[in-house]
Every structure is written in C-alpha cells, then in structure tokens.
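We did not get these values from a lab; they are worked out from the coordinates using the rules stated. Every value quoted in this text rests on a predicted model; they were computed, and no experiment measured them. Methodologically, a virtual Cβ is constructed for each residue, glycine included, from the backbone with ideal geometry; neighbour enumeration extends over all protein chains shown.
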Amino acid sequence: MPAKTKAVKASKPANAMAAEPTNSPTKVKSAAPKKAKPSKANKNANAKPKRAKAGKPTVKKASKPRKPAASVETAQLLSSEVVYQGPLFRVLHDKLIEPGGRPSERDVIRHNGSVVILAIDSSKSKKNPWIVVERQYRHAAQQFLWELPAGKLDAGEDALTGAKRELAEETGYSAKKWKPLVEYYASPGFLGESMKVFVAEGLVAGDAHPEADEQIEFRLVKLSEVLKMIAKGAILDGKTLTSVLLYARINAGKRKK
C-alpha cells in the first residue's frame, strides 16, 4: 500500500481578495485505493476446468419374445393293447407320439373314475362342523386308514349320482345340499383315475348297506380334530388330505370377509 501523505487544509478566505494560510495543518485521510476487479477473461483463465458430464448411455429396449407356435396338446395314439383286465380297472400298453413329436411307450391303468364325499354337519357350528370319516383296512397300504367316504363310478355314470349312491351305501347318510369342491388326478404318471370331490350338507341319517367286501367303521369328527390328526400324521389317505385341507382353507377365507 502507498504511504499516507499529509496535506494542508486551506481555511476559508475572509474575502475574495485576501487569503492567508493557517498555521495548524490538519491530517487528511486519503482513501484506500480500490482493488481492481479481475476481468471476466482473467476469471476464466484462473477458474478450474469443469468436468464434462458423461451422457447417459442409451439402452435399447429388448423386443418382446415372440410367442412360440402353438404345439399339439394331445398325443397321437399309435396302438393300445390290453395286458390286464380286472373288475375295477384294466392295464394298457400304449405306443404313441407325445406332444412335441417324441415317440413313447407307456403302461397305463385305465379306470372309470371315482367320487369322494366330504359330508358336513354344520347344524351346531359352521366354524367347526362335524365331518363323516371312515376307518377301513387297505391291503395295498397294509394298514387301516382314516378316509372320507368314496367309491368308483360305473361306466357312464354321472358323478353326482355316483356320489349320492356311495354316501348312502357306506354310511346311510343322504344330504339336502350338494356342491362340487375339486377334481384331481391322484397319480397321473401311470393312473388315469380322476377323482371328483363333492361337499354334502344338510345330512339326514339312514341305514348303511355297504358291499359284501367292505368292512367300514365310520364316525363324525370335528373339523378341528381332523386337522390335528393330519398335523400328527394320523391321516395318510390322499383324497382325505386334499379334500379336508382345501375345504378348511376356503372356509377360513369366507370367515375373514
């Protein structure tokens, strides 16, 4: 910074003709010189270079996959030979072209189909109704099993008609209200048996008249108890597991609404 200079302040003249300087000079503060602002050119020269923003890479949308051509859903049967014929089912040896064009040979058990009856008594409790269950010896399983009433259909027999017949034969019960629950295949790898399940409500007791080779013990058990038996592994029959668990799930869903 430049050194401060002392300046003599002039007194006001008495008149325009005579003006004498005063004997006591006073200090006069000089203004500090202003710093020169850097020009825009200098700013640009000293400024840090800005990094160029990388542009977002363009991503091409993948085209939607084309739907495959509709394949044949049924097999082409070349030949079918009956290798066993019994009173309940027959075994066939089939040669075929499977869907997709692969040749194959299969041994299949053909069956007229079966019906299963989930007989419900909800007169005392809709939340926890009584269910008709049976206990009988099954040689194929080599043990007694707890099951729902069920039976095979005659050739060409209507499923609901067969269900009413089987319930009356095995338990003596008839029902005022019937509705289908589900249809499934127990073991479709080699067994062509379809099982149709019906829910029967409004039970009316009667006399049972099972077939000569059937020794059936039946009783009414609360739904909650049947579910406990399933959880403990006391019920091993597939149709009973499928029907009871599905019914319990549907019934629980209705109560939540």
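A few comments on the model shown:
- Between THR161 and VAL82, the contour length at 0.36 nm per residue exceeds the alpha carbon distance by 25.5 nm.
- Amide H contacts of GLY151 (H built 1.01 Å from N, in plane; Pro and chain starts excluded): VAL115 sit under 5 Å, all sequence-distant by 5 or more or on other chains.
- Highest to lowest packing among 245-256, 200-211, scored as the average C-beta count within 10 Å: 200-211, 245-256
- Which listed pairs, of LYS95/LYS164; LYS164/LYS232; LYS127/LYS179, have C-alpha distances above 29 Å, in listed order: LYS95/LYS164; LYS164/LYS232
- Exposure proxy ranking, count of Cβ atoms within 10 Å, fewest first, for ILE235, ILE97: ILE97, ILE235
- Extension gain from ILE250 to ASP207, taking 0.36 nm per residue of separation minus the Cα-Cα distance: 12.4 nm
- Sequence-distant contacts, meaning Cα pairs under 8 Å at least 6 residues apart, place the relative contact order of segment 132-177 at 26 percent.
- Theoretical gain in end-to-end length, ALA231 to ARG135 [0.36 nm per residue, Cα-Cα removed]: 32.8 nm
- Placing pseudo-labels 7 Å out from each Cα toward the beta carbon at LYS177 and LYS222 gives an inter-label distance of 2.2 nm.
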